[in-house]
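The values are calculated or read from the model by the stated rules, or taken from the named source; none is laboratory data. Predicted model only: the values in this text are computed from it and were never measured. Every residue, glycine among them, receives a Cβ derived from its backbone with ideal geometry; neighbour counts consider all protein chains shown.
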Amino acid sequence: MKVPMLDLSEQYQDLKPRVLEVLDEVMSSSRFILGDNVKKLEEDVAKYSSVDYGIGCGNGSDAIHIALQALEVGPGDEVITTPFTFFATGGAIARAGAKPVFVDIDPITFNIDPNKIEEAITEKTKAIIPVHLYGQMADMEEISKIANKHNLGVVEDAAQAIGAKQNGKSVGELGSAATYSFFPTKNLGAYGDGGMIVTNHEDLAEKCRVIRVHGSKPKYYHHVLGYNSRLDELQAAVLNVKFPHLDKWSELRREKADNYSRMLNEQLEGFVQTPVEKDGNYHVFHQYTIRVERRDELQQYLKEQGVASMIYYPLPLHVQPVFAELGYKKGDFPISDQAAEEALSLPMFPELKIEQQEYVVSKIVEFFKK
């Protein structure tokens, strides 16, 4: 059996008639930039996030950068975040001219450990970027308390966590802003790049809107140094077709996660650490990520058996070559270092069949029995 990491073909076939229809509508209208589809998506995603404003932009990486710039983060500032994340988190900080300051993660959730944030705060600290990794929110209640105490901005990197909740609060409610990615593999994915910033703060939203169009308002009058990062109308049209299905897809992901955890814990307790959903959290399982010893050997064995898997992430940000000048080294954040050696994400998408999951688990069992 071949089990892919992700298969979007079945989803597309289900949505194909409506997708082709809306694409034709956009092309017939000849309105390709910041039209009615973008406006509708911004309004719907903001409402879904229980906030007032949505600002579509070119991708999730730009969304973080624009939010930081709107918070007036720049040269000489520091921004605290996790080293165990995709590069875009740290890259956005550096592109803003600020210094990334890393804090180790919680060994259970892989998210930033709020108990370690305050000791990293200096007079230069301007903001915190918690990452809601794999689809589960970081401890936003505690992070918000710390941010309010020290008058810091909070940008939630929710690229993997649209629809996640914590004690009834949505992504975006407890921070200054939250950012989404609509990269095709995400839980709500476009057919190309796309991103969005959501916020409850009108002034911040307006700054983000201006920054995404070269810093101009009105057109051709430039008051800040922005850049070109707009969510285009074709991608927004596709996302508007997909958006009503998001909650159903999230529930299917949770169902697949339950299947994996039940089978793995029954058959391999002590060999595999399965994901933990913290009390009060609603995990949307962008990835289903286990922790195992001999991870690389297991991944190779699964590949030989036709099972795809991914390592998110093999090299934490604090030891990335591009950040060498920050002076960090392996061992500075031991929990992140260990996670980078043990984390393995298994196939996860709403259309994944139980027979495929049973095959994946059987091959993991087979590996450890050998």
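General observations
- Filtered residue count, the stretch 16-48, keeping only those that are assigned to a helix (DSSP H, G or I) and either exposed (fewer than 14 other Cβ atoms within 10 Å of the Cβ) or touching a Ser or Thr at 6+ places or on another chain (Cβ under 6 Å) (or both): 10
- Residues that are part of a loop (DSSP other than H, G, I, E, B), within 21 Å of Arg253 (Cβ to Cβ), in contact (Cβ under 8 Å) with a residue 40 or more places away in the chain and among the hydroxyl-bearing types (Ser, Thr, Tyr) do not occur anywhere in the stretch 120-136.
- The lone criterion from (1) in the same structural domain as Ala164 (by TED's automatic domain parsing); (2) more than 23 Å from the chain's Cα centre (by Cα) left unmet by Gln267 is number (1).
- The stretch 359-370, residues that are of a type in the set (Lys, Arg) and assigned to a helix (DSSP H, G or I): Lys363, Lys369
- Hey, Gly175 of a type outside the set (Lys, Arg), over 18 Å from Lys39 (Cβ atoms) and in contact with a Leu (Cβ under 8 Å, 6 or more places away or on another chain) or not: no
- Contacts under 8 angstrom Cβ, first residue in the stretch 345-358 being in a helix (DSSP H, G or I), partner aromatic (Phe, Trp, Tyr), 6 or more apart: Gln357/Tyr260
- Flag if Asp62 is of a type in the set (D, E, K, R), buried (at least 24 other Cβ atoms within 10 Å of the Cβ) and either in contact with a Lys or Arg (Cβ under 8 Å, 6 or more places away or on another chain) or assigned by TED's automatic domain parsing to the domain that holds Val213 (or both): yes
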